[in-house]
1. How many nm is it between the label spots at S25 and T187, if each spot is 7 Å from the Cα in line with the beta carbon?
2. Between A147 and D98, how many nm apart are label points set 7 Å from Cα along the C-beta direction?
3. Does a label point 7 Å from the Cα of T74, set along Cα-to-beta-carbon, have any residues of the stretch 126-140 with amide nitrogen under 11 Å, and which are they?
4. For the stretch 128-169, rounded, prolate or oblate, judged on the Cα gyration tensor with a ≥ b ≥ c (square roots of eigenvalues), a/c < 1.5 rounded, else prolate if a/b > b/c?
5. Note the full-extension length gain between S155 and L105 as 0.36 nm times their separation in residues minus their Cα-Cα distance, in nm to one decimal.
6. Between K172 and R51, how high is the FRET efficiency from 1/(1 + (r/R0)^6) when r is the Cβ-Cβ distance and R₀ = 35 Å? Nearest 0.05.
7. Can you tell me how the stretch 179-232 classifies by the Cα gyration tensor, rounded, prolate or oblate, using a/c under 1.5 as the rounded cut?
8. Based on other C-beta atoms within 10 Å, arrange I191, I222 from fewest to most.
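Quick note: the coordinates plus some simple rules give every number you see, no bench work behind them. In this text the structure is predicted, and so the values were computed from the model without any measurement. Backbone-built Cβ (ideal geometry, glycine too); neighbour counts: all protein chains shown.
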Amino acid sequence: MLSLATSWHNRIIAIDDPKHCQFCSEPMTHYQAVAEEKPQLFPICGCKGARKAFEARMVLKERDLLAQKREQDTAYRIANCGVGKRYLDAQPQGHFKDYVMLLTLMLEQGTGIFVQGKKGTGKTYAASSVVLVAVREQYTAELISSAQLFELLKSSFGSRDMTDSILARYQKLDLLVIDDLGKEHVTDWSISQLFALIDWRYSNRRSTIVTTQYTGAQLVEIWRRNGDINNGVAMLSRLNQCCDRVDMGGIDKRLGGEEICEKNESLSLSLA
Ligand SMILES: [Zn+2]
C-alpha cells in the first residue's frame, strides 16, 4: 500500500480489477475514492515508477486545490476590503501606476499618499485601485470613508474596549485608505481617536492613503468649527511626514494646501 500524502487515505476502496502496471508489468489493483462526487478509478502499484507517477498526480492535485483556495480567499478579501462595487474594476492610472509598481517598497517603508482634488477628479477610484492591487498581492488593505470611520469611532464612545478594538482593527492593516477626509462630523473626542490611529500607523510604519477635496488649511477650518484643532493639526503633520502629495486637480493652493501637505521628498517614491 502506498502512503498517500492526503486525507483521501481513509476514503479509498479497492476494486477487484487487476491490470498490469505500465512501469513494472505486474498485475495491480484499482482503487476508487468513495467520497468523491464523480468516483474515479485509479490504479496503484507499489513499484517505484508507479509510486512516483502517483505522487506527481497528488502534488498537482494539491497545487490545484491550493490555487483554487487562494483564488476564493482573494475574492472574499476583495469583497470585504471596503472598495465599492463601482470601483471593483479600478485600474491604477498616472502616478498610481508607479505607486503600485513600488507597492512592496511603499508598504515596507510605511509611506503613504495624500490625494487631493476637487469632487469628481477620481480620488476614490485611484485609492481603490491601490487597495485592490494590495489585496491581490496578499496584503491586508481596506478602504473606509472618513464619515464611516468617524461614525464607527463615535458609536464606541464610552466603551474603551470597543474603541480599542476598532482602533486595533485599523491599526494592523498593511494599507489603510481613509476616503474623503473633511466630509465627516467630528467631535473633539473622535478626532483625537483618529489622530491616535494615524499616529500609531505613522510610528509603526504602516502605509496610509488619505483622499480629500480640501486643502490642509480648509480641513483645519472645518475641524475648528467643532472646537479644538490641535489633534487635527497634529494629524496633518504626521501625514505630511509620511505621505507623498498627489494633486488630482482643482485644489486652490493659495488656501494653504502646499504648506501643510507638501510632497515629502525624503520619503517620496520615485515618480519621475
Ligand atoms: Zn508497478
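1. Using points 7 Å along Cα→Cβ, the separation is 8.7 nm.
2. 3.3 nm
3. Answer for the stretch 126-140: 133-139.
4. oblate
5. Values: separation 50, 0.36 × 50 = 18.00 nm, distance 3.54 nm.
Full extension of this stretch gives 14.5 nm more.
6. 0.20
7. oblate
8. On the way: I191 23, I222 18.
Going from sparsest to densest Cβ surroundings: I222, I191.
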